[in-house]
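Novice: I'd like to ask some things about the structure below.
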Amino acid sequence: MSRNLNKIIWIAMIVIVVVGLLALYSASYQNTRVSQKVFFDQLILAVVGLLAILGLSYIDYRKFYDVAYILYIVNIVFLIGIFIFGHYALGAKRWIDFFGLNFQPSELMKFSIILVLARYFSDNKPKIAFHHHGLKADFFSDFLIPLVLVVFPALLVFKQPDLGTALLLFGIFIVVLYASGIAYKYLVGLFGIGLVSVPIFWSFMKAYQKDRLLVFLNPNIDPLGAGYTIIQSKIAVGSGQIFGKGWLSGTQNQLNFLPERHTDFIFSVIGEEWGFIGAVFLIVCFFILIMTSLDLVERTKEKFGYLAGIGIITILTLQTVINIGMVLGLCPIVGLTLPFVSYGRSSFVVFVLMMGFLLSLGRRRTIF
Amino acid sequence: MRFKIIKLIIVSFFLALIAGLFHLQIIKGNEYYELSRYNRIRIVPVEGNRGRILDRNGVVLADTRVSFDAVIISQEIRDKEELFSFLSRTLEVDQDVLLKIFKDRSAAPFVPVVIQEDIDQKKAVVLEENKFRFPGLFVNVGAKREYPFGEIGAHVLGYVSRINQDKVKKFKDYGFSIQDVTGYSGVEEYYDNFLRGQDGGFQVEVNNRGEQVRLLGMREPVKGQDIVLGIDARIQKIAGNLLSDKRGAIVVLDLDTGEVLGMVSAPSFDPNIFTDILKSRKRSRLFLDSSAPMMNRAISGQYPPGSVFKILMALAVLDQKKLSTDKTFLCNGSYPLGRRSFRCSHSHGIQNFTEAIAHSCNVYFYNVGLLLGPESIEEYAYLFGLGIPTNIDLPYEEPGLIPDPNKAFKRSGRSWSKGDTLNFSIGQGDVLATPIQLVNMISTVARDGKEIAPHVMVSIGEAENKELILSRDIDVPKEYFEDVKVGMKAAIGDYAGTAHLLAMNNLLVLGKTGTAQSSQGKRHHSWFVGFCPETNRKIAFCVLLEHGGSSYYACRIAKKLLARMRREKII
């Protein structure tokens with residue numbers, strides 16, 4: 001049974017990767033702004049990545065339990081290191097040179113935080129839910145410590161500045177907390193705190209981040225600046241209509257109307273060239289990938305694997321939905337990639353780790 | 001239970017995405033398709049006007065005025081040949097020239113290309129009237145930079161030009177590939193960020209005939225700030241005319257403030273031709289010309305300072321207490337060293353400190369140089385700002401050169417000799433200095449050791465440049481400055497002084513001449529560096545004639561400069 005689930009996940013994943021490569025080929029086709037190198041880079045990355053997932057799926061995922069805290073601490077060190085050694089690209093300090101390879105620690109942090117939270121919650125059973133002990137101690141161990149575990153790296157990531165990833169880390173926290181069985185009133189409380197802190201965060205945000213949020217509410221306040229991306233992206237997707245303009249024939253894409261179309265806005269290329277049918281096809285692939293993974297996780301009885309699986313699915317879902325949502329103008333532009341489709345090494349590597357973990361979970365499930 | 005809720009949320013997320021897609025691609029798909037197909041969104045850039053450059057009395061040195069540009073958007077052209085033959089007839093420009101301009105400036109099919117700037121109003125009207133026949137053709141109301149003084153003082157101002165396709169990177173991320181105007185050299189480059197306006201523009205939707213259908217949004221352009229310079233346009237005119245057929249530079253500084261009152265370099269160029277497409281051949285000739293008209297010799301020209309260097313030697317030897325002012329040396333017209341003989345301009349006979357400066361006696365300063373030693377000379381040269389840029393607020397300043405005796409072997413393959421010390425002592429050998437450095441040095445001497453960094457900018461917009469004026473004190477006793485000044489006074493006042501030519505009624509001038517040997521066979525560089533401490537406006541100045549011959553010629557120019565400035569009541 002779980003073999004079948006793994007098979008479905010594999011098929012969905014490979015289809016998504018191939019669709020991504022085709023879109024990337026088109027985005028860089030005979031183009032001066034986006035070099036063809038981008039496509040070949042990603043091609044190699046995809047082949048190596050899929051092999052790596054296969055390899056990882058044979059490894060016992062409990063190994064990740066052992067290294068969770070170490071990975072977390074090393075990752076934090078890298079995040080701090082960025083402010084000292086990192087370099088700027090596209091207006092933010094996110095990259096760090098690691099043995100000659102450019103690497104974004106904030107991407108890896110998503111995975112580290114999942115492992116750490118999963119381990120933490122699988123080690124301590126939440127008592128709040130069962131009202132066993134005094135409330136104070138439980139509040140501390142079930143809520144405050146994991147919150148601090150998330151807030152610290154999230155602040156570092158926010159400072160880079162990378163608002164999208166920072167928010168994503170909180171998203172993982174909330175979902176894992178929820179899945180660990182904590183009482184609803186704490187989730188409601190957390191939500192309240194979140195609302196109250198919005199104005200505080202607002203004052204810490206960079207001008208361009210504010211622009212992007214304001215522009216989301218009304219793209220026409222700055223049609224030449226930040227609003228330009230949203231307007232052009234909507235035109236690209238909308239003009240694809242039902243059947244699309246055909247591969248390599250998107251005018252918005254080929255005429256350079258779309259900024260960042262090989263990374264965060266790759267979905268607009270798919271929407272324009274492959275139309276509603278192609279776009280829905282890709283979305284359905286993601287949906288199948290996510291729902292199958294969820295099935296797989298539901299059958300896992302072991303707590304660490306279960307919670308980590310939930311965290312991974314959270315990331316997959318949020319990034320897919322937010323990325324496509326921002327291309328369609330449904331959410332603000334926060335700079336999150338589309339899993340397995342957007343160009344970018346760090347992002348790809350992290351999804352390789354996550355899928356490797358999930359598939360390993362699928363193989364070993366029967367043991368427990 | 002909780003698991004079911006998670007599932008439910010995921011399903012609803014994906015349904016929302018598909019609903020969004022449905023809305024965008026199927027319900028509104030046609031509308032967006034039209035937008036992407038014919039009715040492009042077009043960005044019409046509106047440049048923020050560049051700020052003006054004014055002289056100290058408010059005379060305009062650089063201004064921006066309204067002009068009309070012929071503009072083409074290539075994706076809307078229907079018949080390219082017909083359009084270009086029409087343009088060629090109307091604008092009276094060769095069709096090939098227009099096609100080349102068009103090719104060079106094209107970035108993307110939807111970006112407007114300025115095919116011809118600043119066409120006259122009549123032609124603009126003709127184009128506007130025929131617009132309906134040629135979709136893709138427009139007349140833009142733009143701005144043109146103008147320099148009313150033309151060649152005079154062009155180096156201080158610099159010029160502006162459009163960045164070409166390669167350099168448009170700034171607005172790339174916003175799809176805003178405006179063909180931007182940027183300052184090159186001079187104040188235009190140094191203060192570009194302040195002068196430059198903030199570009200704005202309209203985002204409009206147009207139909208397939210290129211007519212505006214509706215305005216989608218706009219951003220107001222912002223005008224750049226005006227910059228007031230310490231420059232006096234009258235001095236620029238006088239100095240520019242004096243050097244009109246020569247090579248060289250004149251710099252005039254305000255002794256009290258360090259402001260540059262005048263700075264010209266010759267030969268010069270007309271900055272107006274950089275905003276005129278038709279003069280591209282003239283422009284390229286400027287850059288190829290062997291007389292380097294684009295170089296600001298006042299700050300980028302490096303020359304051996306020759307005898308001007310002796311001012312510094314005289315101060316150094318007094319400060320080191322190696323010599324008293326009544327000590328004399330005998331000059332026979334040359335100084336023997338080994339088998340070589342180092343020459344002097346005349347056989348001066350017995351010379352004391354004051355006479356040696358006034359007569360510019362080499363033999364005396366050979367002796368001074370040997371008393372000091374090369375390391376000490378080097379130290380004082382740096383102390384008085386030679387060998388390092390003055391950091392004037394103009395781009396491309398050169399640092400000059402002060403040789404390092406300890407590294408001589410590295411440079412030339414032979415070690416430092418006594419002969420090198422002798423050459424060093426009279427500002428020859430490897431020593432190089434720029435006119436601004438020498439005028440800065442003599443200003444420091446005139447102020448008894450207080451150096452004020454020379455600068456051209458007085459105020460930007462409303463803000464005055466006050467805190468930014470840097471000054472420092474050189475720790476040499478005042479009496480030594482007085483001793484040297486007596487010598488520099490005698491150079492003009494004394495009948496046999498090297499600059500006696502400059503003796504004028506009711507005008508006290510102090511200074512030092514220099515006749516610097518240049519490379520083989522060429523004429524000497526001619527220097528005069530001096531200051532007027534008793535005029536209404538106290539000034540220091542420097543005249544350099546590149547390969548101008550003996551210092552006599554620089555003195556002649558200096559005399560005319562002072563006389564005309566006095567006649568116009570500037571000093």
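The values are calculated or read from the model by the stated rules, or taken from the named source; none is laboratory data. Everything quoted here is computed from the prediction, not taken from an experiment. Note that each Cβ is placed from the backbone with ideal geometry, even for glycine, and that neighbours are counted across all protein chains shown.
Novice: Within the group A:294, A:353, which residue is free of Cβ contacts under 8 Å to residues at least 40 places away in the same chain and part of a helix (DSSP H, G or I)? Before the answer, list the steps.
Specialist: Values: A:353 fails: free of Cβ contacts under 8 Å to residues at least 40 places away in the same chain.
Step by step, each of A:294, A:353 is checked, and only A:294 is free of Cβ contacts under 8 Å to residues at least 40 places away in the same chain and part of a helix (DSSP H, G or I).
Novice: For a quick check of your reading: which strands (runs of 3 or more DSSP E) sit entirely within region A:52-103 and have at least 1 residues that are loosely packed, with under 12 Cβ neighbours inside 10 Å and either in contact with an Asp or Glu (Cβ under 7 Å, 6 or more places away or on another chain) or modelled with pLDDT under 60 (or both)? Walk me through it before giving the result.
Specialist: Working: elements: A:87-89, A:92-98, A:101-103.
In region A:52-103, the matching strands (runs of 3 or more DSSP E) lie at A:87-89, A:101-103.
Novice: Can you name the number of the only condition in (1) at pLDDT below 85; (2) surrounded by 15 or more Cβ atoms within 10 Å (Cβ to Cβ); (3) assigned by TED's automatic domain parsing to the domain that holds residue B:194 that residue B:78 fails?
Specialist: (2)
Novice: Every residue in region B:336-371 that is among the β-branched types (Val, Ile, Thr) and surrounded by fewer than 22 Cβ atoms within 10 Å (Cβ to Cβ), please. Working first, answer last.
Specialist: Start the filter on region B:336-371 by keeping residues that are among the β-branched types (Val, Ile, Thr), which leaves B:350, B:354, B:357, B:363, B:368.
Listed by number, the residues that qualify are B:350, B:354.
Novice: Another question, then. Restricting attention to region A:261-283, does a residue exist that is more than 11 Å from every other protein chain (Cβ to nearest Cβ), more than 22 Å from residue A:17 (Cβ to Cβ), modelled with pLDDT of 85 or more and part of a helix (DSSP H, G or I)?
Specialist: Among the residues of region A:261-283, not one is more than 11 Å from every other protein chain (Cβ to nearest Cβ), more than 22 Å from residue A:17 (Cβ to Cβ), modelled with pLDDT of 85 or more and part of a helix (DSSP H, G or I), which makes the answer no.
Novice: Under 8 Å between Cβ atoms, which residue pairs at least 6 apart in sequence (or on different chains) link something in region B:82-105 that is closer than 19 Å to residue B:135 by Cα with a partner that is of a type in the set (Gly, Ala, Ser)?
Specialist: Listed by first residue and then by second, the contacts come to B:83/B:136; B:87/B:70; B:91/B:70; B:95/B:85; B:95/B:88; B:98/B:88; B:102/B:74.
Novice: Here is a list of conditions, (1) more than 18 Å from residue A:293 (Cα to Cα); (2) free of Cβ contacts under 8 Å to residues at least 12 places away in the same chain; (3) assigned to a helix (DSSP H, G or I), and residue A:7 meets all of them except one; can you say which number that is?
Specialist: Failed condition: (1).
Novice: Which one of the conditions (1) over 18 Å from the mean Cα position of the chain (by Cα); (2) away from every other protein chain (no Cβ under 11 Å) does residue A:298 fail to meet, given that it meets all the rest?
Specialist: Of the numbered conditions (1) over 18 Å from the mean Cα position of the chain (by Cα); (2) away from every other protein chain (no Cβ under 11 Å), the odd one out for residue A:298 is (2).
Novice: Could you list all residues from region B:382-432 that are assigned to a loop (DSSP other than H, G, I, E, B) and in contact with a Leu (Cβ under 7 Å, 6 or more places away or on another chain)? Give the steps one after another, and end with the answer.
Specialist: Step one: filter region B:382-432 for residues assigned to a loop (DSSP other than H, G, I, E, B), giving B:384-400, B:402-404, B:413-417, B:426-431.
Once the filter is applied, which keeps residues that are assigned to a loop (DSSP other than H, G, I, E, B) and in contact with a Leu (Cβ under 7 Å, 6 or more places away or on another chain), region B:382-432 yields B:384, B:387, B:400, B:402, B:430, B:431.
Novice: Applying the selection to region A:324-349, what residues are within 11 Å of another protein chain (Cβ to nearest Cβ), buried (at least 24 other Cβ atoms within 10 Å of the Cβ) and under 20 Å from residue A:162 (Cα atoms)?
Specialist: Keep residues of region A:324-349 that are within 11 Å of another protein chain (Cβ to nearest Cβ), which gives A:324-331.
Then drop every residue that is not buried (at least 24 other Cβ atoms within 10 Å of the Cβ), which leaves A:324, A:326-328.
Matches in region A:324-349: A:324, A:326, A:327.
Novice: Restricting the search to region B:544-565, which residues are buried (at least 19 other Cβ atoms within 10 Å of the Cβ) and not in a helix (DSSP H, G or I)?
Specialist: Within region B:544-565, B:544, B:545, B:546, B:548 qualify.
Novice: Take the residues of region B:317-355 that are closer than 16 Å to residue B:420 by Cα and touching a Lys or Arg at 6+ places or on another chain (Cβ under 9 Å): which is modelled with the lowest pLDDT?
Specialist: So in region B:317-355, the residues closer than 16 Å to residue B:420 by Cα come out as B:334-344.
Subset that is touching a Lys or Arg at 6+ places or on another chain (Cβ under 9 Å): B:334-335, B:337-338.
Values: B:334: 92, B:335: 92, B:337: 89, B:338: 85.
Out of the qualifying residues, it is B:338.
Novice: Okay, moving on. Could you please find all residues in region B:517-539 being closer than 30 Å to residue B:343 by Cβ and assigned to a strand (DSSP E or B)? Show your work before the answer.
Specialist: Taking region B:517-539 first, the residues closer than 30 Å to residue B:343 by Cβ are B:517-531.
B:525, B:526, B:527, B:528, B:529, B:530, B:531, listed by residue number.
Table: residues versus (1) polar (S, T, N, Q); (2) in the same structural domain as residue B:528 (by TED's automatic domain parsing); (3) more than 29 Å from residue B:262 (Cα to Cα).
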{"site": "B:288", "(1), (2), (3)": "no, no, no"}
{"site": "B:318", "(1), (2), (3)": "no, yes, yes"}
{"site": "B:339", "(1), (2), (3)": "no, yes, yes"}
{"site": "B:358", "(1), (2), (3)": "no, yes, no"}
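Novice: Okay, moving on. Check whether at least one residue in region A:240-254 is at the interface with chain B (Cβ under 7 Å from one of its Cβ atoms), modelled with pLDDT of 70 or more and buried (at least 22 other Cβ atoms within 10 Å of the Cβ), and report yes or no. Reasoning before the result, please.
Specialist: So in region A:240-254, the residues at the interface with chain B (Cβ under 7 Å from one of its Cβ atoms) come out as A:240-242, A:251-252.
Checking which are modelled with pLDDT of 70 or more leaves us with A:240-242.
Now restrict to residues that are buried (at least 22 other Cβ atoms within 10 Å of the Cβ): A:240.
Scanning region A:240-254, I find at least one residue that is at the interface with chain B (Cβ under 7 Å from one of its Cβ atoms), modelled with pLDDT of 70 or more and buried (at least 22 other Cβ atoms within 10 Å of the Cβ), so the answer is yes.
Novice: Sticking with this one: Against the condition under 28 Å from residue B:230 (Cα atoms), out of contact with any Lys or Arg (no Cβ under 8 Å at 6 or more places or on another chain) and either in a loop (DSSP other than H, G, I, E, B) or of a type in the set (D, E, K, R) (or both), how does residue B:482 come out, does it pass? Steps first, answer last, please.
Specialist: On the way: under 28 Å from residue B:230 (Cα atoms): no; out of contact with any Lys or Arg (no Cβ under 8 Å at 6 or more places or on another chain): yes; either in a loop (DSSP other than H, G, I, E, B) or of a type in the set (D, E, K, R) (or both): yes.
It is false that residue B:482 is under 28 Å from residue B:230 (Cα atoms), out of contact with any Lys or Arg (no Cβ under 8 Å at 6 or more places or on another chain) and either in a loop (DSSP other than H, G, I, E, B) or of a type in the set (D, E, K, R) (or both).
Novice: Just for region A:224-238: of the residues that are modelled with pLDDT under 80 and among the hydroxyl-bearing types (Ser, Thr, Tyr), which one is farthest from the chain's Cα centre (by Cα)?
Specialist: The residue in question is A:228.
Novice: Are there strands (runs of 3 or more DSSP E) fully within region B:216-309 with at least 1 residues that are within 30 Å of residue B:401 (Cα to Cα) and touching a Cys at 6+ places or on another chain (Cβ under 9 Å)? List them. If you could, list the steps in order and put the result at the bottom.
Specialist: Numbers: elements: B:227-229, B:248-254, B:260-266.
Strands (runs of 3 or more DSSP E) meeting the threshold: B:248-254.
Novice: Of everything in region A:297-322 that's of a type in the set (Ser, Thr, Tyr) and assigned to a helix (DSSP H, G or I), which residue is surrounded by the fewest Cβ atoms within 10 Å (Cβ to Cβ)?
Specialist: Residues of region A:297-322 that are of a type in the set (Ser, Thr, Tyr), as a first pass: A:300, A:306, A:314, A:317, A:320.
Subset that is assigned to a helix (DSSP H, G or I): A:306, A:314, A:317, A:320.
On the way: A:306: 21, A:314: 24, A:317: 25, A:320: 29.
For region A:297-322, the residue satisfying everything is A:306.
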